[in-house]
1. Among the residues of segment 365-376, is there at least one that is at pLDDT 95 or above, farther than 16 Å from Ala225 by Cα and in contact with a Cys (Cβ under 7 Å, 6 or more places away or on another chain)?
2. Report whether or not Pro384 is surrounded by fewer than 24 Cβ atoms within 10 Å (Cβ to Cβ) and free of Cβ contacts under 8 Å to residues at least 24 places away in the same chain.
3. How many residues does segment 269-280 hold that are surrounded by fewer than 22 Cβ atoms within 10 Å (Cβ to Cβ) and in a helix (DSSP H, G or I)?
4. Any idea which residue in segment 387-416 is surrounded by the fewest Cβ atoms within 10 Å (Cβ to Cβ), counting only those that are among the polar types (S, T, N, Q) and in contact with an Asp or Glu (Cβ under 9 Å, 6 or more places away or on another chain)?
5. Can you tell me how many residues within segment 281-293 are in contact with an Asp or Glu (Cβ under 9 Å, 6 or more places away or on another chain) and assigned to a helix (DSSP H, G or I)?
6. Here's a check for you: in segment 250-280, which residue that is farther than 27 Å from Pro351 by Cα and among the small types (Gly, Ala, Ser) is nearest to the ligand (Cβ to nearest atom)?
7. Restricting to segment 342-365, and then to whatever is buried (at least 17 other Cβ atoms within 10 Å of the Cβ) and not hydrophobic (A, V, I, L, M, F, W, C), can you tell me which residue is farthest from Pro375 (Cα to Cα)?
8. Can you confirm whether Thr331 is among the β-branched types (Val, Ile, Thr), within 24 Å of Ala207 (Cα to Cα) and surrounded by 17 or more Cβ atoms within 10 Å (Cβ to Cβ)?
Amino acid sequence: MLTIRGARVIDPSAGLDQICDIAIENGIIAGFYNGGGEIIDASGLICAPGLVDMHVHLREPGYTHKETIETGCRAAAAGGVTSLLAMPNTRPVADTPEIVRWILQKAAGQPCRVYTAAAITRGLAGEDLTDFAALKKAGAIALTDDGRPVLTAALMRKASIHAAQLGLPITAHCEELTLAKGGLMNEGENSRRFGISGIPRSAEDVAVAREILLAENEGVPVHIAHVSTRGSVQLIREAKRRGVKVTAETAPHYFTLTDDMLATRNANFRMNPPLGDESDRLAVIEGLRDGTLDVIATDHAPHAPEEKADFASAPNGVIGLETSLAVGITTLVEPGLLSFTELIRKMSAAPASILGIPAGTLKPGAPADLVLFHPTEQWTVSPPYHSKSINTPFEGMTLTGRVKMTLLGGNIVYKK
Ligand SMILES: [Zn+2]
């Protein structure tokens, strides 16, 4: 028996926000009472369900100089994340049952529960569909070609219908490559001023519109990854009003940073899709506030320092597991844009529900996966990080809210 004593317990899945004790027995939440046993004094802290990050690049197999399953899971634990969905753009690509099983085996016993998405098309090449049924049987819980769009609408239509038949969520990386081609940042006033090649917003908007229309016509669900433009927020909002089964996520950098940061020519501000301008940032925040955007996920994308050294040739992506909660608190909760309950819902119960995994709740009987954090403590983002990589766009920023402890199945997997 273990008792967490005196925390402000916020569980959006149960409509709970009150100071109480939590009893944990055999790795399971027993109830909201003092069960005795070992006591963790959590007065002054918020206790929430362990976070669920449905967009993480763990890089293993194949790119272990950037991250490994182990270092990625340690970064997750340090950020209060207790369940994550690993993206399949590894080397080899997670497009066969063997690779899916290999990843899941390697992830057993890590300080975070690892779920894996499998590729929609073989080798992410956008041509032939993978064997969805076999991948599901091997343990994959979602499908995506993330990093690349599914090239043709016909193939995406076929994939969505088949995925829906099997009950597998499908995540769309929305990028029209013929429009995005060659761009390094958002196209606009800043790209012209900085002399950096731009990517028009339409590269994302056109692709989001396609996925919405395909889902609408077939009556099947689709999840839109990393929403970054004002146009896609509006498309998703209108689609939801029409009853389209669309869900969507955004990432902390899109509601916190803008393309002004590209003036530095620091490749840690380069990701795909690129940072938008202030109108996009505000639209993303409005989308989070009115429920258009269901989920906050990091798109944690580690790259080695030498890969990120040259602005123009650097690969896209930033790390985010260790900062997502604090960035959410700093940008959204502190200024009163979102309540703690809503922030936590978008980082736990909402993604758990889309993925259909037993997470994101503190209801008695659930696994005792939880995060304890100080809601007002400030800290400055600086190395060392638990991730193997250091490509964070938040370095040097002072954030509010600090993870103090993460429990996975009742075991302490991170302690500050
Ligand atoms: Zn993507």
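The values are calculated or read from the model by the stated rules, or taken from the named source; none is laboratory data. Quick caveat, the model's predicted, so the values are computed rather than measured. Heads up, the Cβs are rebuilt from the backbone with ideal geometry, glycines too, and the neighbour counts pull from every protein chain shown.
1. yes
2. Here the answer is yes, as Pro384 does meet what is asked.
3. 2
4. Residue satisfying both the conditions and the ranking: Thr400.
5. 2
6. In this case the residue turns out to be Ala267.
7. Checking each candidate, the answer is Ser353.
8. The answer is no for Thr331.
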